[in-house]
Amino acid sequence: MGDTQNKDHDLEQEMPEVQEDDCKDEVQEDTAEEMNSEGEEDAEDSQAEEAAENSEEDESTVPEEKKGFFKKKDKKNKQEEKIAELTDRVQRQMAEFDNFRKRTEKEKTQMFEVGAKSVIEKILPVVDNFERGLSAVPEDGKEDPFVQGMDKIYKQLMTELEGLEVKPIEAVGAEFNPDFHNAVMQVESEEFASGVVAQELQKGYMYRDSVVRHSMVAVVQ
């Protein structure tokens, strides 16, 4: 019995030692696995960092070239837009200036015509007096030097008026036209038909295409 108890006691002392050894082996295995996993994780992290750095380098090089290209393209487009804007502005200003020039020339011509007509209107009574005076000279007095001088002055005056594009309006024998004639009386006539000017009481004149003074006429009724 004593031997049996001693054996059991020895077994109990050996068992803890075996268990302690097993625990130590397990701890060492766990530590090794953790170290291996940490090493793998570190390797994966380093690979990820390298990949990120490489991608950043690629992104930093390629987009810069693209950005430079797009910047040049945008700059070129802005320059073209600016050129188009300035060209349009210049064309508009040239068109406005051309219209201004034409309008100014037209106004200048109109002002000149108004001024010329005003002067002609003042000269026409002088012409009328010359014609009345010459028509009152008898046939035997037309050879008088004074009368001949008056006739020459009248002809010179009419020549100058014709050079200024002043011409008399046709009246006697023409159909009555209110644009050129001013009817002051109606007469009977065997020579002219109804509505025709039979007598001119005062000459009318035109300056270019505008009437300076209407003819004062008598129309056949």
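The values are calculated or read from the model by the stated rules, or taken from the named source; none is laboratory data. Owing to the predicted nature of the structure, the values given are computational and were not obtained by experimental measurement. Here the Cβ is made from the backbone with ideal geometry for all residues, glycine too, and neighbour counts use every protein chain on show.
Would it be correct to say that PHE100 is modelled with pLDDT of 90 or more, part of a helix (DSSP H, G or I), assigned by TED's automatic domain parsing to the domain that holds LYS155 and surrounded by 12 or more Cβ atoms within 10 Å (Cβ to Cβ)? Let's see the steps before the verdict.
Numbers: modelled with pLDDT of 90 or more: yes; part of a helix (DSSP H, G or I): yes; assigned by TED's automatic domain parsing to the domain that holds LYS155: yes; surrounded by 12 or more Cβ atoms within 10 Å (Cβ to Cβ): no.
So PHE100 does not fit the description; no.
For segment 180-213, which positions are loosely packed, with under 14 Cβ neighbours inside 10 Å and either without any contact (Cβ under 8 Å) to a residue 24 or more places away in the chain or under 19 Å from SER118 (Cα atoms) (or both)?
GLU190, GLU191, LEU201, ARG208, ASP209, SER210 - these are the residues of segment 180-213 that are loosely packed, with under 14 Cβ neighbours inside 10 Å and either without any contact (Cβ under 8 Å) to a residue 24 or more places away in the chain or under 19 Å from SER118 (Cα atoms) (or both).
Does segment 132-174 hold any residues that are surrounded by 10 or more Cβ atoms within 10 Å (Cβ to Cβ), part of a loop (DSSP other than H, G, I, E, B) and either without any contact (Cβ under 8 Å) to a residue 24 or more places away in the chain or touching a Cys at 6+ places or on another chain (Cβ under 6 Å) (or both), and which are they?
VAL137, LYS142, ASP144, GLU170, ALA174
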